[in-house]
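Worksheet: the structure to be examined is printed underneath.
The values are calculated or read from the model by the stated rules, or taken from the named source; none is laboratory data. None of these values were measured; they are calculated from a predicted model. Positions of Cβ are generated from backbone atoms using ideal geometry, with glycine treated the same way; all protein chains shown enter the neighbour counts. Protein only, heavy atoms only, side chains kept; ligands, DNA and RNA dropped before computing areas. Shrake-Rupley method; radii C 1.70, N 1.55, O 1.52, S 1.80 Å.
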Amino acid sequence: MNTKTKHKLKRIVLVTLNILAPIAVVLVIYLLTQVIAAFLINIYPVLKHWDSQQASQWINNSVAAQFWVTLVIEGLTLLFLSFFLKKRHSNFKSIGLKGRLKLTDLGYALAGFAAYFTIFYILLTAFTHAIPNFNTSQKQDIGFSSSTSGSELWLVFISLVILPPIVEEILFRGYLYTNLRGRIPKGSKIPKIIAAVITSLVFASFHLLESSSGLLWIAGLDTFVLSLVLVYLREKTGKLYASMGLHMIKNLIAFSSLFLFHLS
């Protein structure tokens, strides 16, 4: 193997490691927050001296329990990410959480939703024609019963419409995409496209697991398309507010169909 080939291989290895590093950070944060949240939520049944059946029923069916799990996970995600950024002499501003929210951000969010919906509809139609067995009726496990009503709906609203869009945008379109874009070798728009695709694949892969009946491919396709548009808004505005807005609009529509109008 000549020197030139060795340099190329070394460069490929370094680029690969650079790409894997921020993905690994996201994965570690995800796993840690899940484990810690599960541990903390199980403390309450122990204090109440409940048996395993009572504890399981409360954790799985209580809106308050699910809300606190969500709050702990999202809060710890921001805490761990903040700690990691400080260790790297960085902060949330460097990944897009900067400046003020502007009215134009809402305009971009609405336009982004139109683009996302159109692209997803076209791809979904193509998938269902090309793959007759493509399951579009799988349900996503969101942790809350669609029969939830009254004041508890506010906890569901915060858990689905407010917290995930804010935290997931900071983690994925903020930290992950920004780092991938900066670590991939420069060359026209290719680094941005590669970073956008990788970010979207990672984001979609997390949503593939949100079903008790196997991999949730419909959610994977949905969130992959959504993420591509979210990345575009991140690039277009240089901030995360428009992508947060689009993410909230998308989740608000899902929340409304499930809990307000019972369309699903």
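Below, the figures for the structure above:
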quantity: Computed lengthening from ILE122 to LEU27, 0.36 nm per intervening residue step minus Cα-Cα distance; calculated: 31.1 nm
quantity: For region 19-26, 3J(HN,Hα) per residue [Karplus equation, 6.51 cos²θ - 1.76 cosθ + 1.60, θ = phi - 60°, Hz, x = Gly/Pro]; calculated: 6, 6, 4, x, 5, 4, 4, 4
quantity: Listed residue pairs exceeding 27 Å between alpha carbons, taken from LYS93/LYS139; LYS48/LYS139; LYS139/LYS250; LYS102/LYS250; calculated: LYS93/LYS139; LYS48/LYS139
quantity: Under Karplus coefficients 6.51, -1.76 and 1.60, residue-wise ³J(HN,Hα) of region 172-177 in Hz, glycine/proline x; calculated: 8, 6, x, 5, 5, 5
quantity: Stretch gain in nm, segment LEU20-LEU260, where the contour uses 0.36 nm per residue and the Cα spacing is subtracted; calculated: 82.3 nm
quantity: Max mean-square fluctuation residue, GNM over the chain, Cα-Cα springs under 10 Å, options LEU163, LEU20, LEU176; calculated: LEU20
quantity: Those aspartates and glutamates that a straight Cα-Cα span of less than 16 Å connects to LYS192, excepting residues fewer than 8 apart in one chain; calculated: GLU235
quantity: Dipole magnitude (debye, nearest 20) for the chain, charges at Cβ of Lys, Arg, Asp, Glu; calculated: 1900 debye
quantity: Reachable aspartates and glutamates, given that their alpha-carbon falls under 18 Å from the alpha-carbon of LYS239 and they are not under 8 places away in the same chain; calculated: ASP105, GLU168, GLU169
quantity: Label zone at SER56 (point 7 Å along Cα-to-Cβ), backbone N below 18 Å, region 17-40; calculated: 38-39
quantity: Cα gyration tensor, region 92-203 - rounded (a/c under 1.5), prolate or oblate; calculated: oblate
quantity: Length released on extending from THR136 to LEU215, taking residue separation times 0.36 nm less the Cα-Cα span; calculated: 27.3 nm
quantity: Selected from VAL231, VAL46, VAL28 as most flexible by GNM, with the chain as the system and alpha-carbon contacts under 10 Å; calculated: VAL46
quantity: Computed over the chain: relative contact order in percent, which uses C-alpha pairs under 8 Å that are six or more apart; calculated: 27 percent
quantity: Highest-fluctuation residue, SER62, SER205, SER149 considered, GNM on the chain with Cα pairs under 10 Å; calculated: SER149
quantity: Gyration tensor verdict on region 17-145 (Cα atoms; rounded if a/c is under 1.5, prolate if a/b is larger than b/c, oblate otherwise); calculated: oblate
quantity: Heavy atoms of PHE120: accessible area, 1.4 Å probe, square angstrom to 10; calculated: 30 Å²
quantity: Label assignment, Cα extents along the principal axes in Å derived from the structure, set (1) 58, 54, 38; (2) 67, 44, 43; (3) 62, 53, 30; calculated: (2)
quantity: Nearest-20 debye value, region 130-260 charge dipole, Cβ charges on Lys, Arg, Asp, Glu; calculated: 760 debye
